[in-house]
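Notes to accompany the following structure.
The values are calculated or read from the model by the stated rules, or taken from the named source; none is laboratory data. The structure displayed is predicted, hence computed values, not measured ones. Counting neighbours? That spans all protein chains shown, and the Cβs are built from the backbone with ideal geometry, glycine included. Please note that ligands, DNA and RNA were not included when accessible areas were found on the heavy atoms of the full protein model with its side chains. Shrake-Rupley method; radii C 1.70, N 1.55, O 1.52, S 1.80 Å.
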Amino acid sequence: MNEESQSHTKWDCTYHIVFIPKYRRKVMYGECRLEIREIIKRLADLKKLEVVEGAVCMDHIHISLRIPPKYSVAEIMGYLKGKSAMMLFDRHPEWRRKTGR
């Protein structure tokens, strides 16, 4: 068991999370796939989360995260999805206006 500790607790909170782009569009391939992987790793490092494993598929992302008990899963997912989308749209402004596929 891989436990970590805070001041009064020992914890091992690993979550398997799947998230999907709006309307399950098949947009994560090629260069975008590599960028998303890099962005999620960077955002996880900023919050001191451990990415146990993950996979970027064409229409969804599987990620296994170790999240400290001071954060809720919903808070972390809102952070990851929101910031990663903003970073992708900053890099590729033409994606912001695309509708339907």
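Worth pointing out:
- Using C-alpha pairs under 8 Å with a sequence gap of at least 6, the mean separation divided by the residue count of the chain gives a relative contact order of 31 percent.
- Gyration tensor over the Cα atoms of the chain: the corresponding equivalent ellipsoid has semi-axes (square roots of 5 times the eigenvalues, largest first) of 29, 13, 11 Å.
- Exposed chymotrypsin sites (Phe, Trp or Tyr not before Pro) absent - longest run of the chain, DSSP non-H/G/I/E/B, at most 16 other C-beta within 10 Å: 30-70
- Förster radius 41 Å - calculated FRET efficiency between A85 and S5, Cβ distance, rounded to 0.05: 0.75
- For the chain, the longest principal axis of the alpha carbon atoms and the long axis of helix 73-91 meet at an angle near 40°.
- Interatomic Cα distance distribution for segment 47-101, bins of 10 angstrom, percent: 19, 45, 28, 8
- In the context of the full set of protein chains, residues of the chain present 68 Å² of accessible surface per residue (probe radius 1.4 Å, heavy atoms only).
- For the chain, the number of Lys pairs separated by eight or more positions or lying on different chains, with C-alpha atoms closer than 13 Å, is 9.
- Here the accessible area of the chain is 55 percent carbon and sulfur, with a 1.4 angstrom probe and all protein chains present.
- GluC sites (Glu not before Pro) lying in DSSP loop within segment 1-47, provided at most 16 other Cβ fall within 10 Å: E3
- Calculated FRET efficiency for the pair E53/E31, C-beta based, R₀ 22 Å, to 0.05: 0.50
- Coordinate range of the alpha-carbon atoms in segment 26-67 per principal axis, descending: 29, 15, 11 Å.
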